[in-house]
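**Student:** Got a structure here, written out as structure tokens. Questions coming.
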Amino acid sequence: MDFPEFFCYVSILACLFPIMVNSIGINYGQIANNLPSPEDVVPLVKSIGATKVKLYDADPRVLKAFANTDVEFMVGLGNEYLDQMRDPTNAQAWVKENIQPHVPATKITSIFVGNEVLTLNDTSLSDCLLPAMQSVHAALLNFGLDKQVTVTTTHSLAILQTSYPPSAGAFREDLMDPLCETLNFHQKTGSPFLINAYPYFAYKGNPEQVPLDFVLFQPNQGVTDPQTHLHYDNMLYAQIDAVYSALASLGYKKLPVHISETGWPSKGDEDEAGATPEDAEKYNGNLIKLMSGKTGTPMRPNSDLNIYIFALFNENMKPGPTSERNYGLFKPDGTPTYPLGITPNNVVGRNTTVGGGSFGNAVTNPYYPMSSSTGYMSISSARVSYMPFIEFYLHGKL
């Protein structure tokens, strides 16, 4: 497919994605050997109306390609380099090499330092987390970028000790010290609290007990929190509100919560219930419809849903079960994995020609820079126990 054909094809996406969306966040992973070049990805991202991209590294090719596109970027600094980032000199060098050259042309708005560190049960990592975050923030301050770029980290739902009902949400006691340290950092610097949440794993682990409609945002009778009397008709909102409750119990009621990852695979192994194109289309499509409505969760109805869908592409080199390689909204050739019902806000990206070759042939090799996150190689949220949310549905349904 050459580029005139590609831009024609991108326009056709408007027919495949007919629902208007104001803002979509998307995870752009690159653990694959057959993905298009970053220049070719720009019009694809714009075709779905995505205005925010989460990158698992600071790939200069991607950041350069998205210059002057007005797309906001969250970039990652991997777990394997937390120890090095404790040294302010190293953090200063990293920011100088990976962030400073790209702003303001590329709208880098956040750096997440480490991926789900606190639930890896590795004190050598968790002890480095806050010092690394502080060093990176200090480097941004030195370059005058601290008002534009915040510093944060991602967490899995395994940080919760209690999640049933959502109003009783509480963090794990054994994580309280390092967690409170990072919460204080968020409050002082104004950065958001990031959670990776996957209702898919609740269904995969208990398909006989978990109602599929409840996790896919389909019409269902829902459940009511006995303490707040708030009604929940989907699991993701219950998960988010459990986090809000846990934060409020520690005095961080006003701290913003962003969902840095959520998604549904379109293909899986025989024992991976629900991993089908039909269910993936329902989960992501219905979620995007909710995001377009600009309404929050039952507990925070006036708060915007800041959600990053996982992921932009299927990634053929990710380890683990088949589902790990099939979370993408798109196949590597740029065709949709399934229709979602999205109307792009801006179909064609920039006025100039993007790239030089054809979309189908502009294949890039996986990029593993110093800042890549090995924690992202597999979706570690699979280790989370979702039984509390299952019990919430079984015992709280009307």
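The values are calculated or read from the model by the stated rules, or taken from the named source; none is laboratory data. Because the structure is a prediction, the values reported are computed rather than measured. All Cβ positions, glycine included, derive from the backbone under ideal geometry; neighbour counts span all protein chains shown. Side chains are part of the model used for accessible areas, which takes the heavy atoms of the whole protein and leaves out ligands, DNA and RNA. Shrake-Rupley method; radii C 1.70, N 1.55, O 1.52, S 1.80 Å.
**Student:** Scan segment 22-62 residue by residue and report those that are of a type in the set (Ser, Thr, Tyr), in contact with a strand residue (DSSP E or B) (Cβ under 8 Å, 6 or more places away or on another chain), open to solvent by less than 10 Å² (accessible area, probe 1.4 Å) and over 23 Å from residue 78 (Cβ atoms). I'd like the intermediate steps shown before the answer.
**Tutor:** Here is the first cut: in segment 22-62, the residues of a type in the set (Ser, Thr, Tyr) are 23, 28, 37, 47, 51, 56.
Then keep just the ones that are in contact with a strand residue (DSSP E or B) (Cβ under 8 Å, 6 or more places away or on another chain); that gives 23, 28, 37, 51, 56.
Among the residues that remain, those that are also open to solvent by less than 10 Å² (accessible area, probe 1.4 Å) are: 28, 56.
Once the filter is applied, which keeps residues that are of a type in the set (Ser, Thr, Tyr), in contact with a strand residue (DSSP E or B) (Cβ under 8 Å, 6 or more places away or on another chain), open to solvent by less than 10 Å² (accessible area, probe 1.4 Å) and over 23 Å from residue 78 (Cβ atoms), segment 22-62 yields nothing.
**Student:** Take the conditions farther than 14 Å from residue 297 by Cα, part of a helix (DSSP H, G or I) and out of contact with any His (no Cβ under 7 Å at 6 or more places or on another chain) and apply them to residue 177. Does it pass? Before you say what the answer is, go through the steps one by one.
**Tutor:** Working: farther than 14 Å from residue 297 by Cα: yes; part of a helix (DSSP H, G or I): yes; out of contact with any His (no Cβ under 7 Å at 6 or more places or on another chain): yes.
For residue 177, the condition - farther than 14 Å from residue 297 by Cα, part of a helix (DSSP H, G or I) and out of contact with any His (no Cβ under 7 Å at 6 or more places or on another chain) - is met.
**Student:** Moving on to the next point. So residue 262 fits all but one of (1) more than 30 Å from residue 277 (Cα to Cα); (2) buried (at least 16 other Cβ atoms within 10 Å of the Cβ); (3) among the hydroxyl-bearing types (Ser, Thr, Tyr); what number is the exception?
**Tutor:** Among (1) more than 30 Å from residue 277 (Cα to Cα); (2) buried (at least 16 other Cβ atoms within 10 Å of the Cβ); (3) among the hydroxyl-bearing types (Ser, Thr, Tyr), residue 262 violates only (1).
**Student:** Please go through segment 213-246 and pick out each residue that is in a helix (DSSP H, G or I) and closer than 18 Å to residue 289 by Cα. Let's see the steps before the verdict.
**Tutor:** Within segment 213-246, the subset in a helix (DSSP H, G or I) is 213-215, 235-246.
Answer for segment 213-246, where residues must be in a helix (DSSP H, G or I) and closer than 18 Å to residue 289 by Cα: 213, 214, 215, 235, 236, 237, 238, 240.
**Student:** Next question. Does residue 296 satisfy being modelled with pLDDT under 95 and either surrounded by fewer than 19 Cβ atoms within 10 Å (Cβ to Cβ) or in a loop (DSSP other than H, G, I, E, B) (or both)? Talk me through it step by step, then tell me what you get.
**Tutor:** Details: modelled with pLDDT under 95: yes; either surrounded by fewer than 19 Cβ atoms within 10 Å (Cβ to Cβ) or in a loop (DSSP other than H, G, I, E, B) (or both): yes.
In short, yes.
**Student:** Quick one: would you say residue 191 is assigned to a loop (DSSP other than H, G, I, E, B) and touching a strand residue (DSSP E or B) at 6+ places or on another chain (Cβ under 8 Å)?
**Tutor:** Working: assigned to a loop (DSSP other than H, G, I, E, B): yes; touching a strand residue (DSSP E or B) at 6+ places or on another chain (Cβ under 8 Å): yes.
Yes, satisfied.
**Student:** How about segment 190-203: which of its residues are at pLDDT 95 or above and either small (Gly, Ala, Ser) or open to solvent by 40 Å² or more (accessible area, probe 1.4 Å) (or both)?
**Tutor:** Scanning segment 190-203 gives 190, 191, 197.
**Student:** Among the strands (runs of 3 or more DSSP E) contained in segment 101-169, which hold 2 or more residues that are crowded, with 23+ Cβ neighbours inside 10 Å and not hydroxyl-bearing (Ser, Thr, Tyr)? Write out each step before concluding.
**Tutor:** Numbers: elements: 107-115, 150-156, 160-162.
Correct list: 107-115, 150-156.
**Student:** So, in segment 215-243, of the ones that are of a type in the set (Phe, Trp, Tyr) and in contact with a helix residue (DSSP H, G or I) (Cβ under 6 Å, 6 or more places away or on another chain), which residue ends up most open to solvent (accessible area, probe 1.4 Å)? Please lay out each step first, then the result.
**Tutor:** Of all residues in segment 215-243, those of a type in the set (Phe, Trp, Tyr) come to 217, 232, 237.
Keeping just the survivors that are in contact with a helix residue (DSSP H, G or I) (Cβ under 6 Å, 6 or more places away or on another chain) gives 217, 232.
Values: 217: 31, 232: 2 Å².
Looking at residues that are of a type in the set (Phe, Trp, Tyr) and in contact with a helix residue (DSSP H, G or I) (Cβ under 6 Å, 6 or more places away or on another chain), I get 217.
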